[in-house]
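Participant: Handing you a structure now.
The values are calculated or read from the model by the stated rules, or taken from the named source; none is laboratory data. Just so we're clear, the structure is a prediction, and the values are computed from it rather than from any experiment. We place every Cβ from the backbone using ideal geometry, glycine too, and count neighbours over all the protein chains shown. Please note that ligands, DNA and RNA were not included when accessible areas were found on the heavy atoms of the full protein model with its side chains. Shrake-Rupley method; radii C 1.70, N 1.55, O 1.52, S 1.80 Å.
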Amino acid sequence: MGSAVPSRTPRAVAPLAALRRLLAALGLLLLGAALEDFDLEFCKALRAYSVCTYRNSKACRGNLVYHSAVLGIGDLMTQRNCTKNGPTSSTNSEMTHDPCNYSGHTEVREHQGGEKTPPPTYLFCGLFGDPHLRTFKDHFQTCKVEGAWPLIDNKYLSVQVTNVPVVPGSSATATNKITIIFKSYQDCTDQKVYQAMTDDLPAAFVDGTVSGGDENTRSLHIVEKVSGKYIEMHARYIGTTVYIRQLGHYLTLAIRMPQELVMAFEESQDLQLCVNGCPSSERIDQSGHLPLPVMGKLLPWGAVSHPRSGYTLETATTKCHEKMLVKDIYFYSCVFDLLTTGDANFTAAAHSALQDVEALHPSEEHWHIFPRSGVDGVGRDSKLFVILGLLCLILVAYLYNFFFLDS
């Protein structure tokens, strides 16, 4: 691609410049050595830089300076009768890094600038169940968002989900389609589109391939973990990992991506659920708190006056406790989904979503999110009112005895 040439120019010039420096140093060090020893070291250096330039052949194919370096190395090898195969001298790490490996970019910038660069910051976003959304800012929301909505939309990646109603007469929706576009990036990958739907979770992109770019570098590839149920996508060139699962009739998604790439979007791309959360008009929860039932009754919203799910608060809590011992927001989401839909597969979805957090979220201390109120909180509030009521009765009885019976 033409746009890649300017960014590759420093690396294209580097092999020839470094070659000259190394040869000059070798000349000074070996000035008094035998001519054959000098030629031996000379050829080792030339082979090393020949290998180095070959590694950058795709990235610098349109750069004339790069091709001049290749020809210069070839001429020098011919003049010194150097064989193509043989020992090589060690080269600078700057010349051997993988340009399609995001994790190596920081080290390269450090070496070039001479200053210590902090490691990249990674962010996590997940969507599962009713659907429940965990944003890149670790905000937890439950939303309706029926239809197609963008989770992520930046210069590197686009992720769109489609949600459909789960239970008639309820606001509950769940994800039945996911579309991901890995945008073309330099020489690391061409544009690749992936699409998953209920009962169709392929282990390949839409064009039938399983990787992007050079198959040997595996800068972008799909790994099938469980046939038709669980796949992973690894985009090394942008340091991004995506998990997609099908549990029951619906899909879940989890993604980890570097913060600097997450924020690489235009103003027109501001409607991203993973970045800004759901619009307030689409929120079912109230500041992260799910409208769970009280005292075993059904949800007050949705115009449902009789049990449809088959679960009570007690049985839903017991069912979710089988999979999740910690009563965090994932546990309460499980209870919420069971009471709303009656579909036990949502229990597995909440459990898997927490597993994906533990696998992809960079900060262990933020794996669990605890609501300020929930089923247990409602129970404690109810007990508090009962205790206060008893205290009031005792006080009234005491005052009655003091003022009336004693007199």
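Participant: Roll a 1.4 Å probe over the protein heavy atoms and report the accessible area of Y156 in Å², nearest 10.
Facilitator: Around 40 Å² of this residue is reachable by solvent.
Participant: So what's the gap between the Cα centers of region 205-260 and region 337-370, to the nearest angstrom?
Facilitator: 20
Participant: Viscosity 1.567 mPa s, temperature 4 °C: Stokes-Einstein D of region 139-178 from its Kirkwood Cα radius, in µm² per second?
Facilitator: 116
Participant: Give K155/K177; K183/K225; K192/K225; K183/K323; K192/K229; K177/K225 a once-over and call out the pairs whose C-alpha atoms are over 26 Å from each other.
Facilitator: Too far apart for the 26 Å limit: K183/K323.
Participant: Per residue of region 341-355, what does 6.51 cos²θ - 1.76 cosθ + 1.60 with θ = phi - 60° give for ³J(HN,Hα)? Whole Hz please, x for Gly and Pro, Karplus curve as stated.
Facilitator: Once rounded to whole Hz, the list reads 10, x, 8, 5, 5, 5, 5, 5, 5, 5, 5, 5, 4, 5, 4.
Participant: Moving to a separate point now. Read phi for every residue in region 42-47 and hand back ³J(HN,Hα) as whole Hz from Karplus 6.51 cos²θ - 1.76 cosθ + 1.60, θ = phi - 60°, with x for Gly and Pro.
Facilitator: Those phi angles translate into 4, 5, 4, 5, 5, 4 Hz.
Participant: Can you list residues from other chains, or at least 5 along the same chain, whose modelled amide H is less than 5 Å from the amide H of G213?
Facilitator: For G213, the qualifying residues are D190.
Participant: What three numbers, in Å, describe the spread of the alpha carbons of region 176-293 along their principal axes, ordered from the longest?
Facilitator: 53, 36, 19
Participant: Still on this structure, please answer the following. Kindly write out, for region 267-282 in residue order, the coupling ³J(HN,Hα) from the Karplus curve 6.51 cos²θ - 1.76 cosθ + 1.60 (θ = phi - 60°), rounded to whole Hz, with x marking Gly and Pro.
Facilitator: Karplus values, whole Hz, x for Gly and Pro: 4, 6, 9, 7, 8, 10, 4, 5, 8, 10, x, 7, x, 4, 5, 9.
Participant: Name the shape class, rounded, prolate or oblate, that the alpha-carbon gyration tensor gives for region 120-245, where a ≥ b ≥ c are the square roots of its eigenvalues, rounded holds for a/c under 1.5, and otherwise prolate holds if a/b is larger than b/c and oblate otherwise. Can you show the working numbers first?
Facilitator: Working: a/c = 2.23, a/b = 1.60, b/c = 1.40.
Judged from the Cα gyration tensor, region 120-245 comes out prolate (a/c at least 1.5, a/b above b/c).
Participant: Suppose accessible area is computed on protein heavy atoms with a 1.4 Å probe; arrange H249, H366, H289 from highest to lowest. Provide the component values of the computation, followed by the final result.
Facilitator: Details: H249 110, H366 90, H289 45 Å².
I get H249, H366, H289, largest accessible area first.
Participant: Next up: Multiply the residue separation of E266 and S184 by 0.36 nm, subtract the distance between their alpha-carbon atoms, and state the gained length in nm to one decimal.
Facilitator: Full extension of this stretch gives 27.8 nm more.
Participant: Assuming R0 = 51 Å, what is the FRET efficiency of E146 and Y54, from their Cβ-Cβ distance, to the nearest 0.05?
Facilitator: Once the sixth-power term is evaluated, E becomes 0.45.
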